[in-house]
There are 2 protein chains.
Amino acid sequence: MELEDVSAPVCCEPLSGPVMDQDEAADLARVFKALADPVRLRLLNLIASAQGGEACVCDLTGPFDVSAPTISHHLKILRQAGLIEGERRGTWVYYRVIPERLTRLSGLFALPDLSGA
Amino acid sequence: MELEDVSAPVCCEPLSGPVMDQDEAADLARVFKALADPVRLRLLNLIASAQGGEACVCDLTGPFDVSAPTISHHLKILRQAGLIEGERRGTWVYYRVIPERLTRLSGLFALPDLSGA
């Protein structure tokens, strides 16, 4: 699966807010496609919960029953969806989540009106 | 696409929290697969933002360029993912979001540690 880079802002209204236009829906659908895989969710969990906010790719293959190239492929999909970014330092690439994107997704599902009613 | 009913609790830790187990990752991946479609996202937006918290299926086909059976199919996938529930009253089915599930997804992406650091 190849994803376009959708790291341009997919911004900012909750599902319970104004009408979502077709472009925003298409962008968000691509992000959710990136999330619709158990290995990618577990990778994102490992990266998001890593000490110091970043995880070495060298620590991301061990927990999984799949090959290193497969993990690289999943990391690429998460990166192209704008959920993580990677930085090479020496031998290894270090990944961290992009907090703005996760916060955006958190806000998407926020339901202030219903829970406060 | 047929989804199992995953409305059993998929509960409650953020991505930045403890290690996600394989079952939870698989359940969540199914929910994100349900969300990975622009028409379903727009349907969910229409339902979540409807006056009174619920939307008549009779109001959900007009905004889309697809047939009523296709809309029904998408609504079924959202229902099977535990995101919405429907209630028949007279001629029509009325849909509302399941707030606990949306709140759960909101919490999944919450990043208290990073934003507060």
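What follows is calculated from the coordinates using simple rules that are stated; it is not laboratory data. Keep in mind that what you see is a predicted model, and the values were worked out from it rather than measured. A quick note on method: Cβ atoms are made from the backbone with ideal geometry, for glycine too, and the neighbour counts reach across all protein chains shown.
Under the simplified labelling scheme, the A:Lys76-B:Asp65 pair shows an inter-label distance of 3.1 nm, with each label point 7 Å from Cα along Cα→Cβ. A:Ile98 label point (Cα plus 7 Å toward Cβ) to equivalent points in the other copies: 3.1 nm, shortest first.
Note on A:Cys56 and A:Ile98: the model spin-label points, each 7 Å out from Cα along the C-beta direction, lie 2.6 nm apart.
For the stretch B:20-37, backbone phi angles converted through the Karplus equation (6.51, -1.76, 1.60; θ = phi - 60°) give residue-by-residue couplings of 7, 7, 5, 5, 5, 4, 5, 4, 5, 4, 5, 5, 5, 5, 5, 7, 7, 8 Hz, Gly and Pro being listed as x.
Placing a label point 7 Å from Cα along the Cα-to-Cβ axis, B:Gly17 is separated from the same position in the other copies by 2.5 nm, shortest listed first. Within a straight-line Cα-Cα reach of under 25 Å, B:Lys76 can be paired with the following lysines, leaving aside sequence neighbours fewer than 8 residues apart in one chain: A:Lys33, B:Lys33.
Using θ = phi - 60° in the Karplus curve 6.51 cos²θ - 1.76 cosθ + 1.60, the 3J(HN,Hα) couplings for the stretch B:41-54 round to 5, 5, 4, 4, 4, 5, 6, 5, 9, 5, 4, x, x, 9 Hz; x is entered for Gly and Pro. In this assembly of identical copies, the label point of B:Cys58 (Cα plus 7 Å along Cα-to-Cβ) is separated from its counterparts by 6.6 nm, sorted shortest first.
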